[in-house]
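Take a look at the structure set out below.
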Amino acid sequence: GVAQFACNGGHARWIVSPILSKEDYELLRSNEEHLEGNVDNMVSSSFQNLFDALQSDTRTVIAWLIYDEILEFRIGVLANDLTGDLHAKMGVFTDEDGNKIGFSGSYNLTGRAASNWERIDIFPNWRNEDLNQRVEEISSDIDDMWLGNDNNLLIFEPSERALSPFIQEAKRTKRPYKKKSINNVGPSSPGEYLTDGRLRPYQEDAMDLWFKNNGRGI
(Lines give C-alpha, C1' and ligand atoms only; values in the text may rest on other atoms or scores of the structure.)
Protein backbone atom coordinates (compact mmCIF):
# COMPACT_ATOMS: atom_id res chain seq x y z
CA GLY A 1 0.00 0.00 0.00
CA VAL A 2 2.76 2.48 0.84
CA ALA A 3 4.63 1.60 -2.35
CA GLN A 4 1.50 2.24 -4.41
CA PHE A 5 0.97 5.50 -2.52
CA ALA A 6 4.45 6.61 -3.56
CA CYS A 7 3.98 5.44 -7.15
CA ASN A 8 0.76 7.45 -7.39
CA GLY A 9 2.59 10.64 -6.42
CA GLY A 10 1.09 10.74 -2.94
CA HIS A 11 2.07 13.16 -0.18
CA ALA A 12 1.55 12.60 3.55
CA ARG A 13 1.82 14.82 6.62
CA TRP A 14 2.16 13.11 10.00
CA ILE A 15 1.99 14.87 13.36
CA VAL A 16 3.67 12.62 15.92
CA SER A 17 4.78 12.96 19.50
CA PRO A 18 7.87 11.72 21.32
CA ILE A 19 7.22 9.55 24.35
CA LEU A 20 8.01 11.80 27.28
CA SER A 21 8.46 10.78 30.87
CA LYS A 22 7.15 13.09 33.56
CA GLU A 23 10.74 14.18 34.18
CA ASP A 24 11.23 14.92 30.47
CA TYR A 25 8.09 16.98 30.33
CA GLU A 26 8.94 18.98 33.47
CA LEU A 27 12.42 19.64 32.05
CA LEU A 28 10.94 20.98 28.83
CA ARG A 29 8.42 23.23 30.54
CA SER A 30 10.88 24.55 33.14
CA ASN A 31 13.40 25.80 30.62
CA GLU A 32 11.52 27.76 27.96
CA GLU A 33 14.70 29.46 26.77
CA HIS A 34 16.17 26.14 25.63
CA LEU A 35 12.87 24.46 24.81
CA GLU A 36 13.52 23.94 21.09
CA GLY A 37 17.00 22.49 21.69
CA ASN A 38 15.74 20.12 24.37
CA VAL A 39 12.88 18.97 22.15
CA ASP A 40 15.35 18.36 19.32
CA ASN A 41 17.50 16.20 21.61
CA MET A 42 14.51 14.09 22.63
CA VAL A 43 13.12 13.84 19.12
CA SER A 44 16.51 12.85 17.71
CA SER A 45 16.72 10.09 20.31
CA SER A 46 13.18 8.92 19.51
CA PHE A 47 13.84 8.85 15.75
CA GLN A 48 17.08 6.93 16.28
CA ASN A 49 15.27 4.39 18.45
CA LEU A 50 12.58 4.04 15.77
CA PHE A 51 15.23 3.58 13.08
CA ASP A 52 17.01 0.88 15.08
CA ALA A 53 13.76 -0.98 15.81
CA LEU A 54 12.44 -1.16 12.23
CA GLN A 55 13.05 -4.17 10.03
CA SER A 56 15.45 -3.35 7.20
CA ASP A 57 12.90 -3.35 4.35
CA THR A 58 10.43 -1.15 6.26
CA ARG A 59 13.24 1.15 7.31
CA THR A 60 14.39 1.58 3.70
CA VAL A 61 10.89 2.42 2.47
CA ILE A 62 10.33 5.04 5.20
CA ALA A 63 13.81 6.46 4.60
CA TRP A 64 13.08 7.00 0.91
CA LEU A 65 9.62 8.45 1.61
CA ILE A 66 11.31 11.04 3.84
CA TYR A 67 14.16 11.63 1.37
CA ASP A 68 11.72 12.16 -1.52
CA GLU A 69 9.60 14.47 0.69
CA ILE A 70 6.59 12.21 0.20
CA LEU A 71 6.33 11.92 3.97
CA GLU A 72 6.64 15.02 6.19
CA PHE A 73 6.67 15.13 9.98
CA ARG A 74 5.83 17.62 12.64
CA ILE A 75 6.43 17.01 16.33
CA GLY A 76 3.68 17.87 18.79
CA VAL A 77 4.44 18.58 22.46
CA LEU A 78 1.58 19.30 24.86
CA ALA A 79 1.11 22.79 26.26
CA ASN A 80 -1.31 24.62 28.61
CA ASP A 81 -0.49 22.43 31.63
CA LEU A 82 -1.45 19.21 29.79
CA THR A 83 0.89 16.48 31.02
CA GLY A 84 -0.33 13.35 29.23
CA ASP A 85 0.18 12.20 25.65
CA LEU A 86 -0.76 13.54 22.24
CA HIS A 87 -3.16 10.63 21.94
CA ALA A 88 -5.78 11.76 19.38
CA LYS A 89 -5.84 9.59 16.27
CA MET A 90 -7.42 11.23 13.27
CA GLY A 91 -6.68 11.91 9.64
CA VAL A 92 -7.96 12.59 6.14
CA PHE A 93 -7.19 10.76 2.91
CA THR A 94 -7.75 12.60 -0.40
CA ASP A 95 -7.63 11.15 -3.92
CA GLU A 96 -6.79 12.91 -7.18
CA ASP A 97 -10.47 13.63 -7.83
CA GLY A 98 -10.93 15.46 -4.52
CA ASN A 99 -12.86 12.68 -2.77
CA LYS A 100 -12.02 12.55 0.93
CA ILE A 101 -12.29 10.00 3.71
CA GLY A 102 -11.85 11.21 7.27
CA PHE A 103 -11.34 9.04 10.32
CA SER A 104 -11.35 9.51 14.05
CA GLY A 105 -10.27 6.81 16.47
CA SER A 106 -8.09 3.74 16.07
CA TYR A 107 -8.38 0.05 15.36
CA ASN A 108 -5.08 -0.40 17.29
CA LEU A 109 -2.34 -2.61 15.86
CA THR A 110 -0.68 -3.22 19.23
CA GLY A 111 -1.03 -6.27 21.46
CA ARG A 112 -3.30 -4.30 23.77
CA ALA A 113 -6.03 -4.42 21.10
CA ALA A 114 -6.87 -7.97 22.23
CA SER A 115 -8.04 -6.68 25.61
CA ASN A 116 -9.03 -3.08 24.86
CA TRP A 117 -12.38 -1.59 23.90
CA GLU A 118 -11.60 0.13 20.58
CA ARG A 119 -13.53 2.30 18.15
CA ILE A 120 -12.86 4.03 14.84
CA ASP A 121 -15.32 6.17 12.87
CA ILE A 122 -14.99 6.58 9.08
CA PHE A 123 -16.50 9.51 7.14
CA PRO A 124 -16.69 9.42 3.30
CA ASN A 125 -17.38 12.99 2.24
CA TRP A 126 -19.36 12.12 -0.92
CA ARG A 127 -22.19 10.33 0.92
CA ASN A 128 -23.96 13.39 2.31
CA GLU A 129 -23.34 16.90 3.60
CA ASP A 130 -23.18 15.84 7.26
CA LEU A 131 -20.30 13.46 6.53
CA ASN A 132 -18.61 16.08 4.36
CA GLN A 133 -18.85 18.58 7.23
CA ARG A 134 -17.26 16.06 9.61
CA VAL A 135 -14.37 15.50 7.21
CA GLU A 136 -13.82 19.23 6.84
CA GLU A 137 -13.77 19.67 10.63
CA ILE A 138 -11.09 17.00 10.99
CA SER A 139 -9.10 18.52 8.12
CA SER A 140 -9.32 21.98 9.68
CA ASP A 141 -8.20 20.67 13.08
CA ILE A 142 -5.18 18.96 11.52
CA ASP A 143 -4.25 22.11 9.56
CA ASP A 144 -4.40 24.14 12.78
CA MET A 145 -2.17 21.63 14.52
CA TRP A 146 0.30 21.52 11.62
CA LEU A 147 0.58 25.30 11.48
CA GLY A 148 0.95 25.65 15.26
CA ASN A 149 -2.43 27.30 15.75
CA ASP A 150 -3.69 24.81 18.35
CA ASN A 151 -3.17 26.38 21.78
CA ASN A 152 -2.77 22.98 23.43
CA LEU A 153 0.23 21.99 21.31
CA LEU A 154 3.72 23.24 20.59
CA ILE A 155 4.67 22.19 17.05
CA PHE A 156 8.26 21.63 15.90
CA GLU A 157 9.71 20.63 12.55
CA PRO A 158 12.24 17.79 13.01
CA SER A 159 15.78 18.91 12.40
CA GLU A 160 18.25 17.44 9.89
CA ARG A 161 19.92 15.81 12.87
CA ALA A 162 16.72 14.00 13.87
CA LEU A 163 16.10 12.73 10.32
CA SER A 164 19.76 11.95 9.61
CA PRO A 165 19.55 8.14 10.17
CA PHE A 166 16.81 7.89 7.55
CA ILE A 167 18.51 10.26 5.07
CA GLN A 168 21.76 8.28 5.31
CA GLU A 169 19.82 5.03 4.81
CA ALA A 170 18.30 6.41 1.59
CA LYS A 171 21.71 7.49 0.30
CA ARG A 172 23.16 3.99 0.68
CA THR A 173 20.20 2.02 -0.70
CA LYS A 174 18.15 1.92 -3.89
CA ARG A 175 14.73 3.55 -4.07
CA PRO A 176 12.26 0.65 -3.43
CA TYR A 177 9.49 2.12 -5.56
CA LYS A 178 9.12 3.95 -8.87
CA LYS A 179 8.84 7.64 -8.22
CA LYS A 180 6.05 9.20 -10.30
CA SER A 181 7.27 11.49 -13.03
CA ILE A 182 4.89 14.15 -14.31
CA ASN A 183 6.89 14.82 -17.46
CA ASN A 184 7.95 11.37 -18.62
CA VAL A 185 9.63 11.58 -22.01
CA GLY A 186 10.19 8.46 -24.11
CA PRO A 187 8.75 6.01 -26.62
CA SER A 188 4.98 6.27 -26.90
CA SER A 189 4.19 3.05 -28.76
CA PRO A 190 1.81 0.65 -26.95
CA GLY A 191 4.60 -1.89 -26.59
CA GLU A 192 6.83 0.44 -24.61
CA TYR A 193 5.60 2.13 -21.42
CA LEU A 194 2.91 4.55 -20.39
CA THR A 195 3.97 8.20 -20.54
CA ASP A 196 1.81 9.62 -17.75
CA GLY A 197 3.81 8.14 -14.87
CA ARG A 198 1.46 5.20 -14.29
CA LEU A 199 2.66 1.63 -13.99
CA ARG A 200 1.23 -1.11 -16.15
CA PRO A 201 -0.86 -3.71 -14.25
CA TYR A 202 1.85 -6.37 -14.54
CA GLN A 203 4.39 -3.91 -13.17
CA GLU A 204 2.15 -3.21 -10.17
CA ASP A 205 1.77 -6.98 -9.62
CA ALA A 206 5.53 -7.43 -9.78
CA MET A 207 6.08 -4.65 -7.25
CA ASP A 208 3.46 -6.08 -4.88
CA LEU A 209 5.06 -9.53 -5.06
CA TRP A 210 8.51 -7.99 -4.51
CA PHE A 211 7.41 -6.37 -1.25
CA LYS A 212 5.49 -9.45 -0.10
CA ASN A 213 8.66 -11.49 -0.60
CA ASN A 214 10.76 -9.04 1.45
CA GLY A 215 12.60 -7.64 -1.56
CA ARG A 216 13.77 -10.96 -2.97
CA GLY A 217 13.18 -12.26 -6.48
CA ILE A 218 13.97 -11.75 -10.12
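The values are calculated or read from the model by the stated rules, or taken from the named source; none is laboratory data. As the structure is a computational prediction, the values presented were derived from the model and not from experiment. A quick note on method: Cβ atoms are made from the backbone with ideal geometry, for glycine too, and the neighbour counts reach across all protein chains shown. In case anyone asks, the SASA skips ligands and DNA or RNA and just uses the protein heavy atoms, side chains included. Shrake-Rupley method; radii C 1.70, N 1.55, O 1.52, S 1.80 Å.
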Every residue from region 145-161 that is touching a residue at least 24 places away in the same chain (Cβ under 8 Å) and either polar (S, T, N, Q) or in contact with a helix residue (DSSP H, G or I) (Cβ under 7 Å, 6 or more places away or on another chain) (or both): N151, N152, L153, I155, F156, P158, S159, R161
Failed item in (1) modelled with pLDDT of 90 or more; (2) over 30 Å from S56 (Cα atoms); (3) of a type outside the set (S, T, N, Q), with L154 passing the rest: (1)
Residue satisfying condition, being modelled with pLDDT of 95 or more, open to solvent by 40 Å² or more (accessible area, probe 1.4 Å) and more than 16 Å from V16 (Cβ to Cβ), within set E160, E137, E118: E137
Hits in region 53-89 - residues which are farther than 16 Å from E157 by Cα, open to solvent by 70 Å² or more (accessible area, probe 1.4 Å) and free of Cβ contacts under 8 Å to residues at least 60 places away in the same chain: A53, Q55, S56, D81, H87, A88, K89
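Would you check if Y107 is touching a helix residue (DSSP H, G or I) at 6+ places or on another chain (Cβ under 9 Å), touching a residue at least 60 places away in the same chain (Cβ under 8 Å) and open to solvent by 90 Å² or more (accessible area, probe 1.4 Å)? Spell out how you get there, then give the answer.
Values: touching a helix residue (DSSP H, G or I) at 6+ places or on another chain (Cβ under 9 Å): yes; touching a residue at least 60 places away in the same chain (Cβ under 8 Å): no; open to solvent by 90 Å² or more (accessible area, probe 1.4 Å): yes.
Spelling it out, it is not the case that Y107 is touching a helix residue (DSSP H, G or I) at 6+ places or on another chain (Cβ under 9 Å), touching a residue at least 60 places away in the same chain (Cβ under 8 Å) and open to solvent by 90 Å² or more (accessible area, probe 1.4 Å).
Please find, within region 1-24, the residue that is modelled with the lowest pLDDT out of those that are of a type outside the set (G, A, S), farther than 16 Å from V61 by Cβ and in contact with a strand residue (DSSP E or B) (Cβ under 8 Å, 6 or more places away or on another chain). Steps first, answer last, please.
First, the residues of region 1-24 that are of a type outside the set (G, A, S): 2, 4-5, 7-8, 11, 13-16, 18-20, 22-24.
From the residues that got through so far, the ones that are farther than 16 Å from V61 by Cβ too are 13, 15-16, 18-20, 22-24.
Then drop every residue that is not in contact with a strand residue (DSSP E or B) (Cβ under 8 Å, 6 or more places away or on another chain), which leaves 13, 15-16, 18, 20.
Numbers: R13: 94, I15: 91, V16: 85, P18: 71, L20: 62.
Across region 1-24, the extreme among qualifying residues is L20.
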Those strands (runs of 3 or more DSSP E) lying entirely in region 51-137 with at least 1 residues small (G, A, S) and under 22 Å from the mean Cα position of the chain (by Cα): 71-78, 90-94, 100-106
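What do you reckon, is L71 closer than 23 Å to D40 by Cβ and in contact with a helix residue (DSSP H, G or I) (Cβ under 9 Å, 6 or more places away or on another chain)?
Taking the combined requirement at face value, the residue satisfies it.
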